[in-house]
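First up is the structure itself, then whatever we jot down about it.
Just so it is clear, none of the values below were taken in a lab; they were calculated from the coordinates. Predicted model only: the values in this text are computed from it and were never measured. In this analysis, Cβ positions are derived from the backbone assuming ideal geometry, glycine residues included, and neighbour counts consider all displayed protein chains.
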Amino acid sequence: MFGKPAWFRPKKFGWGIVPITWQGWAYTAAWCAAIATPYILLEQRHESLESLVWVGFGIGALVFDVRQILLAMQGGATTKLQPLPVAARPQPDDGILYILDHGPAAAPVATRNYNLQLKRS
């Protein structure tokens with residue numbers, strides 16, 4: 001969401017938002033320009049399919065952004081990503097890969113997924 005909920009109010013009829021501050025009007029104008037300018041340029045180059053695809057993706061992004069603003073106005077949950085829980089740390093001898101080698105003594109090596117240790121026989 002790029003727009004701030006304080007710039008808008010929900011529509012009285014239908015679905016959507018209405019700008020109430022100059023920032024809201026500027027934000028609305030920027031969205032119109034971002035969708036209309038490439039559409040016009042693509043139409044002038046006789047690329048009708050590309051211009052329709054652009055308008056489709058632009059309106060989809062606009063609807064998503066308006067939905068996020070409305071959710072923020074209502075205090076509802078947004079689609080922000082939640083941090084993943086920290087994985088349990090392995091036990092001291094859990095998941096150790098032993099590499100047999102007859103060279104000089106080597107220190108244990110720990111990576112993100114494995115604990116490597118030289119095993120002497």
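The HN-Hα couplings worked out from phi for the range 29-46 by the Karplus form 6.51 cos²θ - 1.76 cosθ + 1.60 (θ = phi - 60°) are 5, 5, 4, 4, 5, 5, 8, 6, 4, x, 4, 5, 5, 5, 5, 5, 8, 6 Hz, whole numbers, x standing for Gly and Pro.
Sorting TYR114, TYR27, TYR39 from the fewest to the most surrounding beta carbons within 10 angstrom yields TYR114, TYR39, TYR27.
Per-residue Cβ neighbour counts within 10 Å put ILE17, ILE35, ILE59 in the sequence ILE59, ILE35, ILE17, beginning with the fewest. Look at the dipole of the range 5-74 built from charges on Cβ: of GLN44, MET73, TRP25, the Cα furthest out on the positive end belongs to MET73. Ordering TRP22, TRP7 from the fewest to the most neighbouring beta carbons within 10 Å gives TRP22, TRP7. Taking amide hydrogens as placed 1.01 Å from N in the peptide plane, the amide H of ARG9 sits under 5 Å from those of VAL18, ILE20, each at least 5 positions away in sequence or on another chain. The C-alpha radius of gyration of the range 5-74, expressed as a fraction of 2.2 N^0.38 Å, stands at 1.27.
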